[in-house]
Amino acid sequence: MGTSPNTAAIYVRRSAFDAEAKAGADAFSWAERQGLTVTEVYRDKTGTSASHFKTNRRPEMERALADIGTGYHTLIVWSLDRATRKGMAEIGSMLDLIEKAGGRLVSVTDGIDTADTTARLNIAIRCEIARDEMDRLSRRVIRGKDEQRRRGEYLGGSLQYGLLRDTDAESGVSIDDEA
């Protein structure tokens, strides 16, 4: 539409601050090597899920998609599964929006670039693989937690007041008498 093809924005969604910083730096380096001027960085809150298990909003991704074609031309993500893990339906909608805006989506680590006319099929397959991995990961975690319950072990997370982590205790926790 009205943007220069040498403008770009970076979208970062990471589960940890250090990893987010690395992803952002990698995306900036990639943009620089391509001669792109980064005009915006969109960052959803650390820990914001892109999984099909969650219905939470990702306001920065929404804003990035709304701005493509008017604020910048190329949306850079560190990895395609950082953009979405909801599968073909969501990525298809995203790609339609990007195409309609005359923009481009690039994934630094996957080597995906929608400037390549064959990229759409590759993206659909990768997004379904990411969705499937979330399903498999969920099943593994559920099995592990069920086994911990069966053994009477502490399931993890923040300890309630009055408890201490205790690897020698059968359950993995003991009572903090001082508390």
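The values are calculated or read from the model by the stated rules, or taken from the named source; none is laboratory data. No experiment lies behind these values; they were computed from the predicted model shown. Cβ sites come from the backbone with ideal geometry, for glycine too, and all protein chains shown count toward neighbours. For accessibility, only protein heavy atoms count, side chains too; no ligands or nucleic acids. Shrake-Rupley method; radii C 1.70, N 1.55, O 1.52, S 1.80 Å.
Of the helices (runs of 4 or more DSSP H) contained entirely in the range 61-179, those carrying at least 2 residues that are of a type in the set (Asp, Glu) and exposed (fewer than 12 other Cβ atoms within 10 Å of the Cβ) fall at 119-151. Of the residues examined, Ala31 is one that is open to solvent by less than 50 Å² (accessible area, probe 1.4 Å) and modelled with pLDDT of 90 or more.
Scoring Thr39 on the criteria (1) open to solvent by 30 Å² or more (accessible area, probe 1.4 Å); (2) modelled with pLDDT under 90; (3) in a strand (DSSP E or B) leaves a single failure, condition (2). Here Arg149, Arg131, Arg165, Arg143 are screened, and the one residue that is modelled with pLDDT of 80 or more and closer than 30 Å to Glu90 by Cβ is Arg143.
Okay, residues lined up against (1) in contact (Cβ under 8 Å) with a residue 12 or more places away in the chain; (2) closer than 30 Å to Asp81 by Cα:
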position: Leu137; (1), (2): no, yes
position: Val141; (1), (2): no, yes
position: Lys145; (1), (2): no, yes
position: Arg150; (1), (2): no, no
position: Glu153; (1), (2): yes, no
position: Arg165; (1), (2): no, no
position: Glu170; (1), (2): yes, no
position: Asp176; (1), (2): yes, no
position: Ala179; (1), (2): yes, no
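Just to verify a result, which residue in the range 1-28, among those that are among the hydroxyl-bearing types (Ser, Thr, Tyr) and surrounded by fewer than 16 Cβ atoms within 10 Å (Cβ to Cβ), is modelled with the highest pLDDT? Among residues in the range 1-28 that are among the hydroxyl-bearing types (Ser, Thr, Tyr) and surrounded by fewer than 16 Cβ atoms within 10 Å (Cβ to Cβ), the one modelled with the highest pLDDT is Ser4.
A quick yes/no check of all residues on (1) in contact with a Ser or Thr (Cβ under 9 Å, 6 or more places away or on another chain); (2) under 21 Å from Val12 (Cα atoms); (3) at pLDDT 85 or above:
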residue: Asp96; (1), (2), (3): no, yes, yes
residue: Gly103; (1), (2), (3): yes, yes, yes
residue: Asp116; (1), (2), (3): no, no, yes
residue: Ser138; (1), (2), (3): yes, no, no
residue: Leu159; (1), (2), (3): no, no, no
residue: Val173; (1), (2), (3): no, no, no
